[in-house]
């Protein structure tokens, strides 16, 4: 079984034996998932404390809704939503890996001095300066695949010839090229994170196909991020609203983890943490937290604790 490339940030290594949970904190009032809206500063900080307590390794902070619904958000407003939160987050948790979900280089410039670690560019290099800014600041970067769509564009009549696996070839080719640009810009290989970006520029069938081919992305030799949590492809597969997509999201995450993804962006930290750790143990990459059942002194231990 192949071992995926590790992600190394802030002196921490994430790999098959230690997959990373990336908690989502949206500093917005219009996220597609109502329970993930933390426009209020105090509520956002309470959520931060909660996800850290539940086992989050990375916290990904966004200030603009990904889809086209909702009001326009300028770069200035985005920065105003991010700056105070990130500053307090770093004060509270000096060792926590902080990620900023933005496609704008000016936003990265405004927050880089707050000791952030990662730029989550979900819009595939739409801003041509972003990669260079991230590299110059010593940050990791997420390379994504959106089928060529600009920011905040929902897919319509998405197609990738030749079907049905043409979408996989496009994802692999696009992410390979983006990763090579990152390396050329000076981003270390272990800080380049590849995201197939399910739902973005894709139909539900496309997303399911790409998910089945997570191993093809991992084979590029970079750590892989899967952002699965409560997305539309899960909802359409099961005919469920966002509030009821947890189990489907966990099933998809388990498959992606088995196939080589290392980082998982999620609204549900505790459940995702347990799912990933269990998959890692089944794969043989992570030992059980304890193993006493059937051991020579098992009956004695059971009597002592009963």
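Listing for the model above:
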item: Boolean, residue 260 is modelled with pLDDT of 95 or more, assigned to a loop (DSSP other than H, G, I, E, B), in contact with a helix residue (DSSP H, G or I) (Cβ under 8 Å, 6 or more places away or on another chain) and under 29 Å from residue 129 (Cα atoms); result: no
item: Residue in the stretch 69-80 that is closer than 21 Å to residue 32 by Cβ, at pLDDT 95 or above, surrounded by fewer than 20 Cβ atoms within 10 Å (Cβ to Cβ) and in contact with a helix residue (DSSP H, G or I) (Cβ under 9 Å, 6 or more places away or on another chain) present; result: no
item: Test: residue in the stretch 114-127 that is in a helix (DSSP H, G or I), within 21 Å of the chain's Cα centre (by Cα) and crowded, with 19+ Cβ neighbours inside 10 Å; result: no
item: Residues located in the stretch 264-288, provided they are in contact with a helix residue (DSSP H, G or I) (Cβ under 8 Å, 6 or more places away or on another chain), farther than 20 Å from residue 25 by Cα and not in a helix (DSSP H, G or I); result: 286, 287, 288
item: Residues of the stretch 24-58 satisfying the condition of being in contact (Cβ under 8 Å) with a residue 40 or more places away in the chain, in a helix (DSSP H, G or I) and surrounded by 17 or more Cβ atoms within 10 Å (Cβ to Cβ); result: 36, 44, 45, 48, 51, 52
item: Check on residue 149, part of a helix (DSSP H, G or I) and either touching a residue at least 12 places away in the same chain (Cβ under 8 Å) or more than 15 Å from residue 58 (Cα to Cα) (or both); result: no
item: Index of the failed condition, residue 218 passing every other in (1) buried (at least 24 other Cβ atoms within 10 Å of the Cβ); (2) in contact with a strand residue (DSSP E or B) (Cβ under 6 Å, 6 or more places away or on another chain); (3) touching a residue at least 60 places away in the same chain (Cβ under 8 Å); result: (1)
item: Lone qualifier among 230, 265, 205 - being surrounded by fewer than 19 Cβ atoms within 10 Å (Cβ to Cβ) and in contact (Cβ under 8 Å) with a residue 24 or more places away in the chain; result: 205
item: For residue 224: the one exception among (1) closer than 21 Å to residue 19 by Cβ; (2) loosely packed, with under 14 Cβ neighbours inside 10 Å; result: (2)
item: Count - residues of the stretch 13-23 that are farther than 10 Å from residue 263 by Cα and buried (at least 16 other Cβ atoms within 10 Å of the Cβ); result: 2
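The values are calculated or read from the model by the stated rules, or taken from the named source; none is laboratory data. Quantities reported herein were computed from a predicted structural model and do not represent experimental measurements. Cβ atoms come from the backbone with ideal geometry, glycine included; neighbour counts cover every protein chain shown.
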